[in-house]
Amino acid sequence: MKYTVFLDRDGVINHDSSDYIKNKSEFSFIDKSPEAVALLTRAGFNVIVITNQSAIARKLTTKKELEKIFNKMKTGIVDAGGTINDIFYCPHLPDAGCDCRKPKPGLILQAKKKYKIDLQYSCMIGDSAKDIECAKNAGCGLSVLVKTGNGEKAGKLLAAKGINPDFTAKNLFEAVQWMITSEIDQNSG
């Protein structure tokens, strides 16, 4: 069984914006994030992006434009030697009451069902408290907070809630290095 790594997008793979990423020209990779995904791919991890994208419900972008952004991301990662196995996203507003908006576990549970993932052998890497809470709510084996994006603020918020990620990294590249060098058994299960 392959170990699965769930990645948040904005603030982890690419630079985030308080104005939202609305088109592919606004999408830019955080340094070494494509290379980080390539390291995961070469190490045999499944990589799935789990992301809240309320810009759709806010009418700031469209599903078609979001697909263009995703394609730009996937192309940049492929060019670096990596693979994104799938992308699950929530298009809803924060108060919509859906089950898919992080910190609710709906997106991870959709991926679990589609790919028969044993969540004990999975990790969520994100830059927000919602990402780490989502990992805990879904039953992921590990959670990693990165300090890019909203990571600094998220660390304080999580500490106030008594929630601790398994590791805190400077960025996605450092998080991936930790995962690869730690004793995660790729063949468990």
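Bear in mind these aren't lab numbers, they're just calculated from the coordinates by the rules spelled out. Nothing here was measured: the structure is a model prediction, and the numbers come from that model. Heads up, the Cβs are rebuilt from the backbone with ideal geometry, glycines too, and the neighbour counts pull from every protein chain shown.
Would you compute, from DSSP H runs of 4+ residues alone, the mean residue ellipticity of the chain at 222 nm, taking -39500 (n - 2.57) per run and dividing by the full residue count, rounded to the nearest 500?
-11000 deg cm²/dmol
Quote the relative contact order of the range 40-118 in percent (integer), defining contacts as alpha-carbon pairs under 8 Å separated by 6+ residues.
36
If Lys and Arg each add +1 and Asp and Glu each add -1, what is the summed charge of the other residues whose beta carbon sits under 15 Å from the beta carbon of D99?
Details: positive: R101, K102, K104, K112, K113, K130; negative: D95, E133.
That sum, taken over residues with Cβ under 15 Å, equals +4.
Normalised by the residues of the chain, what does the relative contact order come to in percent, with Cα pairs under 8 Å and at least six apart?
26
Do any cysteines of the chain lack a neighbour Cys whose Cβ is under 4.7 Å away, and which are they?
That list is C98, C123, C134, C140.
May I ask what percent, to the nearest 5, of DSSP beta bridges between residues of the range 4-181 are antiparallel? Could you put the intermediate results ahead of the total?
Details: 1 of 22 bridges.
Percentage antiparallel, nearest 5: 5.
For a distance above 29 Å, tell me the whole-number percent of Cα pairs in the chain that qualify. Numbers along the way, then the final one.
Working: 2292 of 17766 pairs.
Here the tail beyond 29 Å accounts for 13 percent of pairs.
For a paramagnetic label modelled at 7 Å from the Cα of N23 toward its Cβ, which residues of the range 64-102 fall within the zone defined by backbone nitrogen distances under 17 Å?
64-73, by backbone N distance to the label point.
Taking the mean number of other Cβ atoms within 10 Å as a proxy for protection, how do you rank 23-29, 46-52 from highest to lowest?
Taking the mean over residues of other Cβ atoms within 10 Å, the ranking is 46-52, 23-29.
Please provide three numbers in whole Å: the alpha-carbon extents of the range 86-158 along the principal axes, with the largest listed first.
33, 30, 19
Among L109, G126, T61, whose Cα projects farthest towards the positive end of the dipole of the chain, with charges put on the beta-carbon of Lys, Arg (+1) and Asp, Glu (-1)?
In the chain, that residue is T61.
About the Cα centre, and with charges only on the beta carbon of Lys, Arg (+1) and Asp, Glu (-1), how big is the dipole of the chain? Nearest 20 debye, please. Working shown, then result.
On the way: 27 positive and 22 negative charges, 119 e Å.
Approximately 580 debye in magnitude.
Taking the Cα-to-Cβ direction at E152 and at H15 and moving 7 Å from each Cα, how far apart do the two end points lie in nm?
1.6
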